[in-house]
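The values are calculated or read from the model by the stated rules, or taken from the named source; none is laboratory data. Fair warning: this is a prediction, and the values are worked out from it, not measured in the lab. Please note: Cβ atoms are built from the backbone with ideal geometry, for glycine as well, and neighbour counts cover all protein chains shown.
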Amino acid sequence: MREPVLKLRGISKRFPGVVANDQVDLDVYPGEVHALLGENGAGKTTLMNILYGFYQPDEGQIELSGRPVRIGSPAEAMRLGIGLVPQHPLLVRRHSVAENLALGLPTGWWRPTKPLGKRLHELKQQYRLDVEAGALVEQLSPGEKQRVEIIRALLRGAKILILDEPTSVLTPQEAGELFKVIQRITQSGGAVLFISHRLDEVLEIANRVTVLRKGKAVGSLTPPTDKATLAEMMVGRQVSFERERGMAKRGAPVLEVQKLSVFSDRGLPALRSVSFNLHQGEVLGVAGVAGNGQSELIQVLAGLRKAVSGSVKLDGRDITGKTPRQLHTLGVAHVPEDRIRMGVVPSMSVAQNLALRNYFRPPFSKGLWLDQQELDQNALRQIRQHEIAAPKPGTEARLLSGGNIQKIILARELAGNLKVILAVHPTYGLDVGASEQVHATLLQKTQEGAAVLLVSEDLDEIISLSDCVGVLYAGELVGPVEATSVTREQIGLWMMRGETAFTTIEA
Ligand code: ADP
Ligand code: MG
């Protein structure tokens, strides 16, 4: 039996009011991809920051190749052969790739014997990591920056490479490339600690999975095969993976968008003649890398931005130019992208936020007076019905977690009879359990006859919920097509290159 290259024993770390890591044990073997799986807030990043010397644990021991070590700083971690590719790149934006790679390399009499350029060339060859040394970091895509971070760690001699949620910024194709690089690293004897909250990719890449829940390591699977078991370990209850879409009957077109063109804030074309129909009971997923016109599309449909040309019809009636309030009265709901700025008033109570739409109307307001009792009773009803974790109706919204803020917005915006729901990144930043509830709410609404326009960068979400899928690329809509007729890879290609590239690939 091989010995673990890394052993964590009883690691605990407390922050004010939260135990981020609670007596965590973890063994990592050379040549393996060990996934650390857990919901948002489970303590994954904290554990990795301890391993990389950013934090000191309150309790516990770390052993490297059988020797107890104390990792006082990232520099020490690197000397010990531990490299970290952080969730958000720590590169100097205005420097070139080469300058970033040279930064912090050992200098002085023990300077590495091989010049940087030569070593870089070798690494690029060995792991087939493609980066251009002369490029400025600020001009790189997220995937390219990540490759620079990986090379940087390898240049410093990392034997244990930590990747913190590496796929969150990648397209499926880029993720596939990353997985190949990871395999090359483990094949040459390195160990990879792969942090993720996404089950599918963990099943794909990991030889072993350890699940963290609320700071505790709740178990490991070797090799990981059973998605349902992993999900249950992760969330602490059973999670259903039934195909979610197509539960409602699709009816007549409710929203007809015709040749819609829109300018961005900077006066550039943001949407170019976009046309589609959204049918009753349907979820239409719009995928795409952020900044390809998604925000502008939703803003026009929600009445927050004017179109240059084109028309939008709701049940056959032209609604171009209507205000958000008029649209809401007509049955168009908007679950906004920026929840904190547009979704709730952080300093107001949960009860007030839940009543925000009808604040100055009966039953909440009688003449000039707000009826506090009515506000509170409404809040208590909603808190119960939507399982909002709020101590009391008077709690300020800013004190709630992201998941609970989203539940408040959904409870308020999705009340009543709706025709169209504009849902933008509805589960962004939410954990698996809260996401599942948001999805269930949206699908429930389609069964009541509403149509959902779902804008999301999360392909898993788009694929699992949508009846039809389109991709916005450079302001043009590719599709929509039936979700069953398109693969994840095709959607990924559209996201990167739009339709023209796709058709040439097909041809
Ligand atoms: P994950 O990476 O699994 O999403 P984190 O390790 O980032 O989880 O966070 C675990 C818990 O510790 C969360 O409740 C988070 O709010 C808290 N936490 C993380 N870092 C800090 C910090 N520097 N100060 C206070 N609380 C923190
Ligand atoms: Mg994290």
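Worth a mention:
- Tally, over the range 52-95, of residues that are within 25 Å of Ser196 (Cβ to Cβ), outside any loop (DSSP other than H, G, I, E, B) and either of a type in the set (A, V, I, L, M) or not assigned by TED's automatic domain parsing to the domain that holds Ser196 (or both): 7
- From Ile62, Ile71, Ile82, Ile50, residue being over 21 Å from Glu149 (Cβ atoms), modelled with pLDDT of 85 or more, among the hydrophobic types (A, V, I, L, M, F, W, C) and touching a strand residue (DSSP E or B) at 6+ places or on another chain (Cβ under 9 Å): Ile62
- The listed residues are Gly31, Gly41, and the only one of them that is at positive phi and either in a strand (DSSP E or B) or more than 8 Å from ligand 1 (Cβ to nearest atom) (or both) turns out to be Gly31.
- Tallying residues that are within 19 Å of Asp130 (Cβ to Cβ), within 16 Å of ligand 2 (Cβ to nearest atom) and free of Cβ contacts under 8 Å to residues at least 12 places away in the same chain within the range 77-104 yields 0.
Yes/no matrix, rows are residues, columns are (1) assigned to a helix (DSSP H, G or I); (2) modelled with pLDDT under 80:
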| residue | (1), (2) |
| --- | --- |
| Ser220 | no, no |
| Thr229 | yes, no |
| Met234 | yes, no |
| Arg243 | no, yes |
| Ala248 | no, yes |
| Gly267 | no, no |
| Ser273 | no, no |
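- No other residue among Ala42, Ala35, Ala20 is aliphatic (A, V, I, L, M) and touching a Phe, Trp or Tyr at 6+ places or on another chain (Cβ under 6 Å) apart from Ala35.
- Count - residues of the range 44-75 that are away from ligand 1 (no atom under 15 Å from the Cβ) and among the basic types (Lys, Arg): 2
- Of everything listed in (1) loosely packed, with under 15 Cβ neighbours inside 10 Å; (2) over 21 Å from Leu399 (Cβ atoms), the single unmet condition for Glu374 is (1).
- Answer residue from the range 8-23, given it is within 24 Å of Arg79 (Cα to Cα) and either surrounded by 18 or more Cβ atoms within 10 Å (Cβ to Cβ) or polar (S, T, N, Q) (or both) and is nearest to ligand 2 (Cβ to nearest atom) among those: Lys13
- Every residue from the range 45-68 that is crowded, with 17+ Cβ neighbours inside 10 Å and of a type outside the set (Gly, Ala, Ser): Thr45, Thr46, Leu47, Met48, Asn49, Ile50, Leu51, Tyr52, Tyr55, Pro57, Ile62, Leu64
- Whichever residue in the range 149-200 is among the polar types (S, T, N, Q) and assigned to a helix (DSSP H, G or I) and, among such residues, is farthest from ligand 1 (Cβ to nearest atom): Gln187
- The set of residues in the range 30-44 being crowded, with 21+ Cβ neighbours inside 10 Å and within 13 Å of ligand 2 (Cβ to nearest atom) consists of Leu36, Leu37, Gly38, Glu39, Ala42, Gly43, Lys44.
- Annotation note: Cβ proximity below 6 Å between a residue of the range 276-293 that is in contact (Cβ under 8 Å) with a residue 24 or more places away in the chain and a residue that is assigned to a loop (DSSP other than H, G, I, E, B) and polar (S, T, N, Q) (sequence gap 6+ or interchain) occurs for Val283/Ser466; Gly285/Ser466.
- Residues of the range 390-405 that are under 15 Å from the mean Cα position of the chain (by Cα) and buried (at least 19 other Cβ atoms within 10 Å of the Cβ): Gly403 alone.
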